[in-house]
Each structure stands twice: as structure tokens, then as C-alpha cells.
Amino acid sequence: MTDLPIFDRPALVAHAKQSIARGSKSFAMASTLFDPQTRERAWLLYAWCRKCDDIADGQDHGGTLQGVVDGQARLSTIRVMTDQALRGEPTGDPAFDGFGVVMRECAIPARYAHDLIEGFALDAREWRPRSQDDMLRYCYHVAGAVGCMMAVLMGVDPDDQATLDRACDLGLAFQLANIARDISEDEAADRCYLPQEWLAEMDMPPGEHMKPWLRPQLAILARRMADMAAAYEESARHGTGALPPRAAWAVLAAAGIYGDIAREVARRGEQAWHARVITTKAAKLGWVARAGMQVIGRARRWPADAPRPAYLWTRPAV
């Protein structure tokens, strides 16, 4: 067996720090609450997720979806480079090399990385959800799996399935907020993550959901999605008792910051897509302060042994 190559970890961390600063101000702020080692590892994982997303969608640290015509080729690139990184081989890309480093350091199960890539595969074949469960399964692949990876990175035992379910719930909450906020942007890129059954229920023809005369129905669906996001956000908070205090602080802050996106979409109603919903810096700082107080009594307020609501969708069994 040959020794794995030695990577310039500080350089990989510096690249990842730049990536999160460009790609997500919300996660960048929340990550400052971690201890230094966990913070660096979170950056490394984020940089890989961001790079995979950018490759899949033809973007540069997010922004307007451009649409791609070579989705399968892009998916193949993601798979090949991810597998190289998991084997410890240099890829020539700091986002993938850093990903390999953090996966080895934290012994994160590779299945979660593969599950995330399956989310990109769904987009590459222009998949659309038929049912609510289909939509939530997609949310698992593109966000819930990342929640599981982050939990292990923060010290959760990979065999602690109950805590990983709660971590997955936070990813689902984040993605539901994303979907509700980005309905207009997704439609412009010929994507729709609203279940076809929901659209039919509201008598909204496929591809017509952004028409002005359908905004009342769309607002109802967005509120439904925000309510779902809130339920998963609340469930996720019960997993923070398994985390070190600083990690719990970061997670609770991120939950509140991202939860505000869904809440604001619901509040705006039919005007939710006139301008992109964001969380202001002041609101983010408010959640940082509030989450710091929540850490102290989290075990009492959100007991880890509380049963997870049976009506919530559950990630695929491992």
C-alpha cells in the first residue's frame, strides 16, 4: 500500500475560506462560531459542495442559473474528481483536494457524498418532483446529506442515526427555504421543484406557476413550504444536545438565519418574488446573539430523547 500524498492543508483552508466568503454570507457568519479546527473543516466541506454545485449549474459561486447543455458530462466530472479525492489522490482542484482531506480527518462516510451527487444527477436529467415525498427526497440529496456530513464533522458518531436524522432535518429545512425563495429564478432556468401534485391541487398548469394571475395560489404553496421548513427546523434543534457548545451555537444560529428566509417568503405573500429575499447582517447578528443564549438551555428546551414527529419525512435507511 502506497502512502497518500501530503497536501498543503493551510493553502486548501485559505482557498475554502475565500469560497465561503464569496458563496454564502450566512454560512460564513455561522462558521465563525465554531472552534478553529471545526471551522476549517466546515470551510473545506463547503468549498467542495459549492464547487460541485457550480460545475453542475455552470455558475461561479452561485448567482443566476445559466442553464447547461452538457449536464451529463459535468456530472461525470463531479463523480470522477470526487472519487479521486476520496481515494486520497490529487485532483488539481483545491476544492476537491480539501474535501478529501476533511473526509479522511473526520471519517465521514462516503455514502453521503455519493448521495449529494445523486441530487446533481436528478437535475442533470431535468427531473421534476411528482409528489411531496419526491420533493423531500430531492431535498435530502442536495442538502440533508450535507447535514449528515456536517454532523459527523462536528463529532457525531456516524452510527448515531437518531442525531443524524435531526441533522438531516436541518438540511431539509434549509432546502425548503431555498425552493420557496427561488421559485422565480428556477422557473427562468426551466426548473421547478414544486410537486406536480401541489400544482394540480391549485389548478396551476405545468410551467405556468409564475404567471401573475396565479400568484395567490403560488403564495399558498410558498406558505405551505415555509410551514414545512419550520417543522424540520424545530426537529433539528433537538439534535443540538449531541454537539459541543460552540458547534451547537453555530447550528442554532444557522437555523434561525436560514429559517428567516422561509418566514419572510411566507410574510411577503404574492410579492415574495419581486425581489430576492435575504437576511440582513443585523438580523444575522441578532440570531448569533439569540443562539448563544439558546445553547445554555438547549438540553431542557429541546431534549434529545423527544420522539421525532412521525409525520416528518425520514431519510433513506443506511
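The values are calculated or read from the model by the stated rules, or taken from the named source; none is laboratory data. The shown structure was predicted, so the numbers you read here are calculated from the model rather than taken from an experiment. Positions of Cβ are generated from backbone atoms using ideal geometry, with glycine treated the same way; all protein chains shown enter the neighbour counts. Protein only, heavy atoms only, side chains kept; ligands, DNA and RNA dropped before computing areas. Shrake-Rupley method; radii C 1.70, N 1.55, O 1.52, S 1.80 Å.
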statement: When segment 103-126 is checked residue by residue, the ones that are among the small types (G, A, S), open to solvent by 40 Å² or more (accessible area, probe 1.4 Å) and farther than 13 Å from L153 by Cα are none
- request: Output yes when any residue across segment 156-177 is over 30 Å from G239 (Cα atoms) and part of a helix (DSSP H, G or I), and no when none is.
  value: no
- prompt: Quick check: anything in segment 228-251 among the small types (G, A, S) and over 23 Å from the mean Cα position of the chain (by Cα)?
  reply: no
query: Within segment 193-209, restricting attention to residues that are in a helix (DSSP H, G or I) and not hydrophobic (A, V, I, L, M, F, W, C), which residue is farthest from the chain's Cα centre (by Cα)?
result: E201
field: Subset of segment 67-126 (residues that are assigned to a helix (DSSP H, G or I), aliphatic (A, V, I, L, M) and under 19 Å from the mean Cα position of the chain (by Cα))
entry: L75, I78, A95, V102, M103, A110, A113, L116, I117, A121, L122, A124
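Is it the case, given these coordinates, that E208 is surrounded by 15 or more Cβ atoms within 10 Å (Cβ to Cβ) and not basic (K, R)?
It is false that E208 is surrounded by 15 or more Cβ atoms within 10 Å (Cβ to Cβ) and not basic (K, R).
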- request: Taking A282 as the residue in question, decide whether it is open to solvent by less than 10 Å² (accessible area, probe 1.4 Å), in a helix (DSSP H, G or I) and either in contact with a strand residue (DSSP E or B) (Cβ under 9 Å, 6 or more places away or on another chain) or of a type outside the set (V, I, T) (or both).
  value: no
query: Quick one: would you say G100 is open to solvent by less than 20 Å² (accessible area, probe 1.4 Å), in contact with a helix residue (DSSP H, G or I) (Cβ under 7 Å, 6 or more places away or on another chain), over 28 Å from A306 (Cα atoms) and of a type outside the set (A, V, I, L, M, F, W, C)?
result: yes
